[in-house]
1. Dividing the alpha-carbon Rg of chain A by 2.2 N^0.38 Å yields what?
2. Considering only A:57, A:21, A:82, give the residue with the highest GNM mean-square fluctuation for chain A, with springs between Cα atoms whenever their separation is below 10 Å.
3. Below 8 Å between Cα atoms, with a sequence gap of 6+, how large is the relative contact order for chain B in percent?
4. Just to be sure I understand: of the beta bridges DSSP finds with both ends in the protein assembly as shown, what percent are antiparallel, rounded to 5?
5. Restricting to segment B:64-198, what percent of DSSP beta bridges are antiparallel, rounded to 5?
6. Describe numerically, in nm with one decimal, the distance between label points set 7 Å from Cα along Cα→Cβ at residue A:94 and at residue A:122.
7. Given the C-alpha centroids of segment B:40-55 and segment A:68-146, what is the distance between them in whole angstrom?
8. How far apart, in nm, are the 7 Å Cα→Cβ label points at residue B:116 and residue A:77?
């Protein structure tokens, strides 16, 4: 591949912290990689692992999950649930052959625009190194005869 | 041939348990015979594919299809029976969501063949390996070939109804047969196309009589390591991974009632898009730890999360298969 691979990354942000961190990064004109598409949730605890599965199945190369620092959750302790789901999700995705590094969890308070921007840059870099995931759309599969040849 | 409506049942990538479950409806099977002509049912009677091909399109009123689509033969039959049937039912877990045969979607075809023909469980001293076609003096012999991944029936053809379960419970089968007979007699109407029949819409937990409290899991354990299991308390609450929270009701929580965890054979409850993801949510929520190291230690109690969460649903999950099965 001569052209630089630009990963597609879906990022989930929490309304009370990381979304505002992204906002703060914008207001302060901090530059970060444009590969991440941010989606605002009310809380990282709203992050159903289904969203991550759907993102990967739909063509994302990586998923970024962000939330308030431990102890700072607007809804008391939902970010701990997000942490546990993230950890169990990474273990499960390993079984699907998805490198755990494609899923990242970052804590960022509303004041940490700079930190979020750095984390996004680092993540984009890491996913770029992993290469495209290219989850199939299951429409055109290879010829079954070819498949059998692999086995002979 | 009588002018009774025609019935067919076919098995693709499945174990045969669905057929046993149909026989387990007892004397109700006589109602099937009284109301239907068996047009095609390889387990129960001899019929050839060309007999089915000779039928007019739509000639079979009801086809119960069990099994996933793994080979080109399965796929051919799925298209054929779709064409010949007015009502095509994905019958059982394999047809609706892939079931255990769908777990092979975690492996490449080469590995499947290796395990089947060349591992310790197989006595194969001459290293015999099947090939798709083979020349003999009489001509060319062919075998069906495997697709790269197993698909559910609905991923291949249009399906009218889904009947989950591994296998569907006999009382549910009997109720569905009763319904179809009543429809034939003009006494009832068919449910809307695409419905799940012979099951509930809620979860296994909803039908489970065990007492449930706020859960604080400090360790996941295998059921044989919890002795004795409290007979009245929620199984998940006792640290045994029980798939009830995401699994569709309809079995009357058969396993939890007798002291075994739900393994999820009725598939995802109504509205659940990805069964495993829903279980990840449920299990991770009740883990009683906040530090990553502690959480890791507790999660180590689920050694095979992919198998635990997708035992029945892998082929119908959002991801469907591991990269090993499709990445070239």
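1. Working: Rg = 17.4 Å, N = 152, 2.2 N^0.38 = 14.8 Å.
Against the compact-globule rule of thumb, the ratio is 1.17.
2. It is A:57.
3. Details: 608 pairs, mean separation 61.7, N = 328.
Relative contact order comes out at 19 percent.
4. Values: 9 of 44 bridges.
Bridges in the protein assembly as shown are about 20 percent antiparallel.
5. On the way: 6 of 12 bridges.
If we restrict to bridges inside segment B:64-198, about 50 percent are antiparallel.
6. Result: 2.1 nm between the two label points.
7. Their Cα centres are 50 Å away from one another.
8. Distance between label points: 4.9 nm.
Coordinate-derived values only; no laboratory data. Here the structure is a predicted model, which is why all the values come from computation and not from measurement. Neighbour counts are summed over all protein chains in view; Cβ atoms, including those assigned to glycine, are modelled from backbone coordinates with ideal geometry.
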